[in-house]
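Worksheet for the structure shown next.
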Amino acid sequence: MLLVLFAGLYLAYRRARSKGVSFTDADTGTAVGDNGTIVRTTDGGDNWMTQSSGTGVDLVGVSFVDADTGTAVGDTGTILRTTDGGDNWVQQSSGVGVVLRDVSFTNVNNGTAVGDNGVILRTTDGGANWVPESSPTIRNLNSVSFTDPNTGTAVGAGSTILRRTDAGGG
């Protein structure tokens, strides 16, 4: 089964030059990539269906918390949100113009996005409002992972590693 998953994912990468992927279980996953490409599988990667993102910018990161609720990020501060498994993607305002490279949600409300120039954005309302957080770096942040709303790690250029362990950052 694992081999099939990777084979299917490889096909998605070939089609779209995918840059980010998120699975909620062994079967259901979404990948994002160049030119606003979003593809989704519900059979463990055997088949990938294209979804309409409504944008032409490159999408770089994606995070789903369940089969329906997900957020994708990308160039020019783009943030897209779905609550119906990707049938509809709605643009959210990030307030920044830099590339957002990754996003991590721990539940439907709490998420963190990171990007170029050390940008860190947080939401506690499912992305209705994205609030910039103070960042100790101006280096590009490439990836982020949170285990709960207050505990997470971001990594980036120049071996940057940022760790947050409380509601106030740090």
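The values are calculated or read from the model by the stated rules, or taken from the named source; none is laboratory data. In this text the structure is predicted, and so the values were computed from the model without any measurement. Please note: Cβ atoms are built from the backbone with ideal geometry, for glycine as well, and neighbour counts cover all protein chains shown.
Checking each residue of the stretch 61-68 against the condition of being at negative phi and without any contact (Cβ under 8 Å) to a residue 40 or more places away in the chain gives at least one match. Residues that are charged (D, E, K, R), in contact with a Gly (Cβ under 9 Å, 6 or more places away or on another chain) and not in a loop (DSSP other than H, G, I, E, B): does the stretch 30-41 have at least one? Among the residues of the stretch 30-41, at least one is charged (D, E, K, R), in contact with a Gly (Cβ under 9 Å, 6 or more places away or on another chain) and not in a loop (DSSP other than H, G, I, E, B), which makes the answer yes. If the condition is being at positive phi and either without any contact (Cβ under 8 Å) to a residue 24 or more places away in the chain or over 13 Å from the mean Cα position of the chain (by Cα) (or both), then the stretch 69-87 contributes THR76, GLY85, GLY86. Could you tell me whether any residue of the stretch 42-54 is in a strand (DSSP E or B), within 23 Å of LEU80 (Cα to Cα) and modelled with pLDDT under 95? No, there is no match, as no residue in the stretch 42-54 is in a strand (DSSP E or B), within 23 Å of LEU80 (Cα to Cα) and modelled with pLDDT under 95.
For (1) over 25 Å from VAL39 (Cβ atoms); (2) exposed (fewer than 13 other Cβ atoms within 10 Å of the Cβ); (3) not small (Gly, Ala, Ser), each residue gets a yes or a no:
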| residue | (1), (2), (3) |
| --- | --- |
| ASP102 | no, no, yes |
| VAL119 | yes, no, yes |
| ALA128 | yes, yes, no |
| THR137 | yes, no, yes |
| PRO149 | yes, no, yes |
